[in-house]
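Presented below is the structure to which this report refers.
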Amino acid sequence: MVTDPFVNVFNDHKVSPNTLSLLSLVFALFAGISYYFSVTNIVILLAALVFVLLNSFLDGIDGALARRMGCASKYGDFLDHVIDRYADVFIISGIFFGGYVSEGIGAIVIIGVLLASYLGTQAQAVGIGRVYGGLMGRADRMVIIMLATCIQIAYPLQIGAGGISYSALGWALIVIGIASHFTAIQRIWYTGRSLNESPKNK
């Protein structure tokens with residue numbers, strides 16, 4: 001895999017997977033702060049992009065490193081999910097508190113993101129197994145945010161549609177919010193269907 005050389009380096013230097021997870025959280029915090037101050041400053045917006053890239057990179061290899069080192073654990077998995085949720089809140093809150101969309105829309109986006117993630121793990125709690133399916137997962141959110149940030153840097157003006165206009169990052173949050181709520185509904189439906197089909201419930 002593309003990340004294998006990096007996993008090898010961290011493994012050779014005995015870097016803890018939990019350290020990578022915590023570093024990813026720090027970069028998410030920096031990203032959120034950068035987005036908050038970036039509305040009129042492209043340089044800060046570029047820094048936000050770099051921090052999101054670093055957050056996503058470390059989040060993508062901490063699990064692989066844990067498996068390589070033979071120290072994968074339930075607590076490590078739990079910690080990774082907790083950090084991901086905080087990272088989502090930091091990054092998305094930085095964008096909407098920074099003024100790319102209203103705080104009301106931002107709240108709806110955060111609710112959708114957290115609900116979709118919660119339902120994915122709650123399915124495991126009722127015996128279905130963790131549910132990753134649906135229209136919008138965390139990797140999808142990060143890709144959309146990074147692409148929108150690139151567009152925002154190249155074209156910082158408002159983009160109109162149907163008489164409504166937002167910047168690229170504003171539209172990105174709206175798309176993420178709608179898709180996240182739809183994902184939550186998908187996971188509710190999938191879990192309900194799986195429970196009804198389970199022999200234990202017949």
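Name the single residue, out of those in the range 5-16 being assigned to a helix (DSSP H, G or I) and either in contact with a Lys or Arg (Cβ under 9 Å, 6 or more places away or on another chain) or on the phi > 0 side of the Ramachandran plot (or both), that is surrounded by the fewest Cβ atoms within 10 Å (Cβ to Cβ). Write out each step before concluding.
Filtering the range 5-16 down to residues assigned to a helix (DSSP H, G or I) leaves 5-12.
Remaining after also requiring either in contact with a Lys or Arg (Cβ under 9 Å, 6 or more places away or on another chain) or on the phi > 0 side of the Ramachandran plot (or both): 7-8, 10-11.
Numbers: 7: 22, 8: 12, 10: 21, 11: 14.
The residue in question is 8.
Could you check the range 123-139 and list, in sequence order, the residues that are basic (Lys, Arg) and either assigned to a loop (DSSP other than H, G, I, E, B) or touching a Pro at 6+ places or on another chain (Cβ under 8 Å) (or both)? Reasoning before the result, please.
Restricting attention to the range 123-139, the residues satisfying the condition of being basic (Lys, Arg) are 130, 138.
Across the range 123-139, the qualifying residue is only 130.
Report yes if some residue within the range 174-196 is exposed (fewer than 12 other Cβ atoms within 10 Å of the Cβ), more than 20 Å from the chain's Cα centre (by Cα) and outside any helix (DSSP H, G or I); otherwise report no.
Step one: list which residues in the range 174-196 are exposed (fewer than 12 other Cβ atoms within 10 Å of the Cβ), which gives 189, 193, 196.
Those still in the list that are more than 20 Å from the chain's Cα centre (by Cα) too: 189, 193, 196.
Pick out the ones that are also outside any helix (DSSP H, G or I) and you get none.
No, because not a single residue in the range 174-196 is exposed (fewer than 12 other Cβ atoms within 10 Å of the Cβ), more than 20 Å from the chain's Cα centre (by Cα) and outside any helix (DSSP H, G or I).
For the list (1) of a type in the set (Phe, Trp, Tyr); (2) more than 27 Å from residue 81 (Cα to Cα); (3) loosely packed, with under 15 Cβ neighbours inside 10 Å, I need the number of the one condition that residue 166 fails.
For residue 166, the exception is condition (3).
From the list 121, 191, pick out the single residue that is touching a helix residue (DSSP H, G or I) at 6+ places or on another chain (Cβ under 6 Å), more than 18 Å from residue 31 (Cβ to Cβ) and not aliphatic (A, V, I, L, M). Talk me through it step by step, then tell me what you get.
Details: 121 fails: touching a helix residue (DSSP H, G or I) at 6+ places or on another chain (Cβ under 6 Å).
After applying the criteria, what remains is 191.
Each value in this text was obtained by applying a stated rule to the coordinates, not by laboratory testing. Given the structure is predicted, the values throughout are model-derived calculations rather than measurements. All Cβ positions, even for glycine, are placed from backbone atoms using ideal geometry, and neighbour counts span all protein chains on display.
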